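Please read the structure below before turning to the comments.
The values are calculated or read from the model by the stated rules, or taken from the named source; none is laboratory data. Note that this is a predicted model, so its numbers are computed, not measured. Here the Cβ positions follow ideal geometry from the backbone for every residue, glycine too, while neighbour counts run over all protein chains shown.
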Amino acid sequence: MSYEPDPEIKRKHEEFMIAKKPAMHFAQFIRAIFRGVVAVFIIGMPVNHIHDRSAAASSVSHAGPIHPVSALLKYYGQYIQEIEWTENDIVLHLEKGSIHYRDGKMLNRENLEHEDRFSSIFYHYPTSPLKEAIEKPASIARRSDDFYKMIFGETEREIRKHCREIRFLHRMAFVNTLCIPALKQVEAEILRQAEENPDVASFVKNIRILYSFKQKEIVGSQNSSFHGYGLAVDLVPRSYDKKHVYWKWSAVYYKDWHRIPVQQRWSPPQPVIDAFERNGFVWGGKWVHFDVIHFEYRPEIIVQMGENGVENVENGVGPS
Ligand SMILES: [Zn+2]
């Protein structure tokens, strides 16, 4: 597969890395301010949609095309030490090794030799509220999480070091520090909505359990998921109103579980979904393999919503 580096994108990446280096020596807060500046001016990102003052902190922009690697630099820049353009791919050098970007695939050296087994980590995510069930593709290729593994580690011990306990919607959550500013913003937006929207207020009041970091779903296991990195939350309500919740549960009774109409699936109120999406989270209810209580932090996907920065996307397909 040929790869032609786009000089313009390459230049932006170089500028990002040059600008990043001196900033490494500054105090943490200087770095935070700096990253904001980088995001807006240096990567050439479109300026964030700023709906109101409080939403400005972590709101994820949806405007204009952004190269997938630029999206990664924007949100994971703190973990990326060097960036290198080779004939075949873009190599991101992290503290623990290198990840090769090739057509949206993010692979370590070993998996790069079997790249055909993997698909892009950037999948199409529908921007608007879900109206009908998404068509199930014939086959779903595997997505490698080499990139996240290399950043956050593979053992519970390693990953826990990246996590911290916070309060979220009156419950405790143990989450990855990477997504805490975004979660705080989501919470503020939901609580503000709850003041005027009874559905949202009742949703918040009726959260029975909040699952965040799940040891059982630790990376590398069969059920590997973003819970294993502390980058996902499940908001479990007191009642599902006899509706469908999770594709695997429904698949026990329904061969065509993926055709179950959206109206028969449980859903958080739309303003809740919107608040998560605005801040870089995807909702599991929009996956073919639906999981309606699940939100996970994928700003690199959300920021590309509504444009064609990624090629060969699988329409609306999430993780299985
Ligand atoms: Zn979940």
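Worth pointing out:
- The range 120-138, residues that are surrounded by fewer than 20 Cβ atoms within 10 Å (Cβ to Cβ), of a type in the set (S, T, N, Q) and touching a residue at least 60 places away in the same chain (Cβ under 8 Å): Thr127
- The range 211-233, residues that are at pLDDT 60 or above and either buried (at least 18 other Cβ atoms within 10 Å of the Cβ) or not assigned by TED's automatic domain parsing to the domain that holds Phe276 (or both): Ser212, Phe213, Ser225, Phe226, His227, Gly228, Tyr229, Gly230, Leu231, Ala232, Val233
- Enumeration of residues in the range 266-288 that are β-branched (Val, Ile, Thr) and part of a loop (DSSP other than H, G, I, E, B): Val288
- For the range 254-306, a residue qualifies if it is of a type in the set (D, E, K, R) and within 26 Å of Ala194 (Cα to Cα), and the qualifying residues are Arg265, Asp274, Glu277, Arg278, Lys286, Asp291, Glu296, Arg298.
- Screening the candidates Val292, Val282 for the property of being within 15 Å of the ligand (Cβ to nearest atom), closer than 14 Å to Pro129 by Cα, under 14 Å from the mean Cα position of the chain (by Cα) and not charged (D, E, K, R) yields one hit, Val282.
- Options Tyr101, Tyr75; residue that is in contact (Cβ under 8 Å) with a residue 24 or more places away in the chain, surrounded by 17 or more Cβ atoms within 10 Å (Cβ to Cβ) and closer than 30 Å to Ala188 by Cα: Tyr75
- The range 248-265, subset β-branched (Val, Ile, Thr) and part of a loop (DSSP other than H, G, I, E, B), residue farthest from Val60 (Cα to Cα): Val252
- Remark: pairs (first residue in the range 279-300, under 10 Å from Val245 (Cβ atoms); second residue at pLDDT 95 or above and aromatic (Phe, Trp, Tyr); Cβ separation under 6 Å; 6+ apart in sequence or on different chains) = Val292/Trp266.
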